[in-house]
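Colleague: I am attaching a structure below and will ask some questions about it afterwards.
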Amino acid sequence: MAYENLIYKVEERVCTISLNRPEKMNALSWALRQELQDALKKAERDIEVGCIVIKGEGRAFSAGYDLTPTHPSPNRPVDGYVSDDVDQLTAQYARDLVNGLWQIWELTKPVIAQVHGWCLAGASELASMCDIMFVAEDAQLGYPPVRALTTPDTMYFPWKMPMSQAKYLMFTGKAVSGKEAVEIGWATKAFPADRLDAETNKEARAIATISPDMLAASKKAVNRAYEIMGIRTALEVGVDWQGLSTYRNSAGVFGEISQSEGLRAALQWRDGPFEDYSARPRE
């Protein structure tokens, strides 16, 4: 597959996959997600790759899924899903997203998310499903759609942080800095922004020197322990709740504003009470 939305390179046994839509803050369109899945499989098959890093070009890791209000949506297959009614009832969209992220979980090779700038909504799902997350100290990680759209597609919160933090971030959609993300257990390590790339490369190169069979065994051992604790069932139930949350009386307000007044107006409506994201006070 020729990549239009990614940059793929292998150096010193580290495969770096860069999300490459900087003009869109690396928004995770359907096309980008298909390329990412292909690139991950390609890296897994390559005997010269011992570790995989996912990062973003430009000023952000990613702002999340591509919500550009056009038809057809860049966030879904060109032909759509079975039907809107079936999609809503079975949460096909969320299930499709989660199934794609399980690929990272099942890869035999470790995957590192290198996060800088914004890492919001769907981007936080992608980063959280990676095995390790290295972040810039000033990165901003959050899930603002829980304010107006639906519950998360990928219910990672209870698995990444203490209950009180999981509930607070789920209820408010607020963002935390990279440094704070490490303090609550969401991310692995935080580095100054100007050192993030070098430090991540250093860590990844060291991991890649370990034999692939050892890394695969270690990853499977940890993953299976979490599966015994119920992570697969919990994320499946999370998909069901995402679908159910679309039946709220107010579920369509964000989309209505986005269609009639534009996405920026919808974001202002959503974020205004919190004075963050798109509604930050001008300095």
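The values are calculated or read from the model by the stated rules, or taken from the named source; none is laboratory data. Source: prediction; values computed, not measured. Methodologically, a virtual Cβ is constructed for each residue, glycine included, from the backbone with ideal geometry; neighbour enumeration extends over all protein chains shown. Surface areas here come from the heavy atoms of the whole protein model, side chains and all, with no ligands, DNA or RNA. Shrake-Rupley method; radii C 1.70, N 1.55, O 1.52, S 1.80 Å.
Colleague: Mind checking whether some residue in segment 203-219 is assigned to a loop (DSSP other than H, G, I, E, B), at negative phi and in contact (Cβ under 8 Å) with a residue 24 or more places away in the chain?
Modeller: Quick first cut of segment 203-219, residues assigned to a loop (DSSP other than H, G, I, E, B) only: 209-211.
Checking which are at negative phi leaves us with 209-211.
With the extra rule that they be in contact (Cβ under 8 Å) with a residue 24 or more places away in the chain, the set shrinks to 209-210.
Within segment 203-219, one or more residues are assigned to a loop (DSSP other than H, G, I, E, B), at negative phi and in contact (Cβ under 8 Å) with a residue 24 or more places away in the chain.
Colleague: Every residue in segment 187-198 that is over 17 Å from Val10 (Cα atoms) and either in contact with a Lys or Arg (Cβ under 6 Å, 6 or more places away or on another chain) or in a helix (DSSP H, G or I) (or both), please.
Modeller: Within segment 187-198, Ala190, Ala193, Asp194, Arg195, Leu196 meet the criteria.
Colleague: Still on this structure, please answer the following. Can you tell me which condition Pro273 does not meet? The list is (1) open to solvent by 90 Å² or more (accessible area, probe 1.4 Å); (2) part of a loop (DSSP other than H, G, I, E, B), and all the others hold.
Modeller: In the conditions (1) open to solvent by 90 Å² or more (accessible area, probe 1.4 Å); (2) part of a loop (DSSP other than H, G, I, E, B), Pro273 misses (2) alone.
Colleague: May I ask you to list the residues in segment 153-183 that are under 18 Å from Asp276 (Cβ atoms) and not hydroxyl-bearing (Ser, Thr, Tyr)? Steps first, answer last, please.
Modeller: Narrowing segment 153-183 to residues under 18 Å from Asp276 (Cβ atoms): 165, 168-181.
Within segment 153-183, Gln165, Leu169, Met170, Phe171, Gly173, Lys174, Ala175, Val176, Gly178, Lys179, Glu180, Ala181 meet the criteria.
Colleague: Mind checking which residues of segment 1-16 are within 21 Å of the chain's Cα centre (by Cα) and within 13 Å of Gln34 (Cα to Cα)?
Modeller: Once the filter is applied, which keeps residues that are within 21 Å of the chain's Cα centre (by Cα) and within 13 Å of Gln34 (Cα to Cα), segment 1-16 yields Tyr3, Glu4, Asn5, Leu6.
Colleague: Could you give every pair whose Cβ atoms fall below 9 Å, whose first residue belongs to segment 171-200 and is at positive phi, and whose second residue is open to solvent by 60 Å² or more (accessible area, probe 1.4 Å) and assigned to a loop (DSSP other than H, G, I, E, B), counting only separations of at least 6 or pairs across chains?
Modeller: Every condition considered, the pairs that remain are Gly185/Pro162.
Colleague: Being part of a loop (DSSP other than H, G, I, E, B), open to solvent by 20 Å² or more (accessible area, probe 1.4 Å) and over 27 Å from Lys202 (Cα atoms), is that true of even one residue in segment 12-24? Steps first, please.
Modeller: Within segment 12-24, the subset part of a loop (DSSP other than H, G, I, E, B) is 12-13, 20-21.
Next, from what is left, pick out any that are open to solvent by 20 Å² or more (accessible area, probe 1.4 Å): 12-13, 20-21.
Now drop any that are not over 27 Å from Lys202 (Cα atoms), which leaves none.
No, segment 12-24 has no match at all.
Colleague: Working carefully through the options Val239, Val222, find the one that is in a helix (DSSP H, G or I), in contact with an Asp or Glu (Cβ under 9 Å, 6 or more places away or on another chain) and open to solvent by 70 Å² or more (accessible area, probe 1.4 Å). Steps first, please.
Modeller: On the way: Val239 fails: open to solvent by 70 Å² or more (accessible area, probe 1.4 Å).
Among Val239, Val222, only Val222 is in a helix (DSSP H, G or I), in contact with an Asp or Glu (Cβ under 9 Å, 6 or more places away or on another chain) and open to solvent by 70 Å² or more (accessible area, probe 1.4 Å).
Colleague: From Thr188, Thr154, Thr172, Thr150, which residue is touching a Leu at 6+ places or on another chain (Cβ under 7 Å) and either modelled with pLDDT of 95 or more or open to solvent by 20 Å² or more (accessible area, probe 1.4 Å) (or both)? Full working, then the answer.
Modeller: Working: Thr188 fails: touching a Leu at 6+ places or on another chain (Cβ under 7 Å); Thr172 fails: touching a Leu at 6+ places or on another chain (Cβ under 7 Å); Thr150 fails: touching a Leu at 6+ places or on another chain (Cβ under 7 Å).
It is Thr154.
Colleague: If you don't mind, another one. Looking at segment 121-141 only, could you name the residues that are closer than 27 Å to Ala91 by Cβ and without any contact (Cβ under 8 Å) to a residue 60 or more places away in the chain?
Modeller: First, pick out the residues of segment 121-141 that are closer than 27 Å to Ala91 by Cβ: 121-131, 133, 141.
Residues satisfying the conditions are Ala121, Glu125, Ser128, Met129, Met133, Leu141.
Colleague: Oh, and also: Take the residues in segment 261-270 that are assigned to a helix (DSSP H, G or I) and open to solvent by less than 90 Å² (accessible area, probe 1.4 Å), then tell me which one is farthest from Lys24 (Cα to Cα).
Modeller: Once the filter is applied, the top-ranked residue is Arg270.
Colleague: Restricting the search to segment 151-186, which residues are outside any helix (DSSP H, G or I), out of contact with any Ser or Thr (no Cβ under 8 Å at 6 or more places or on another chain) and closer than 13 Å to Phe134 by Cα? Please lay out each step first, then the result.
Modeller: Step one: of segment 151-186, the residues outside any helix (DSSP H, G or I) are 151-156, 161-162, 173-177, 184-186.
From what's left, out of contact with any Ser or Thr (no Cβ under 8 Å at 6 or more places or on another chain): 152-153, 155, 161-162, 173-177, 184-185.
Result: Ser177, Gly185.
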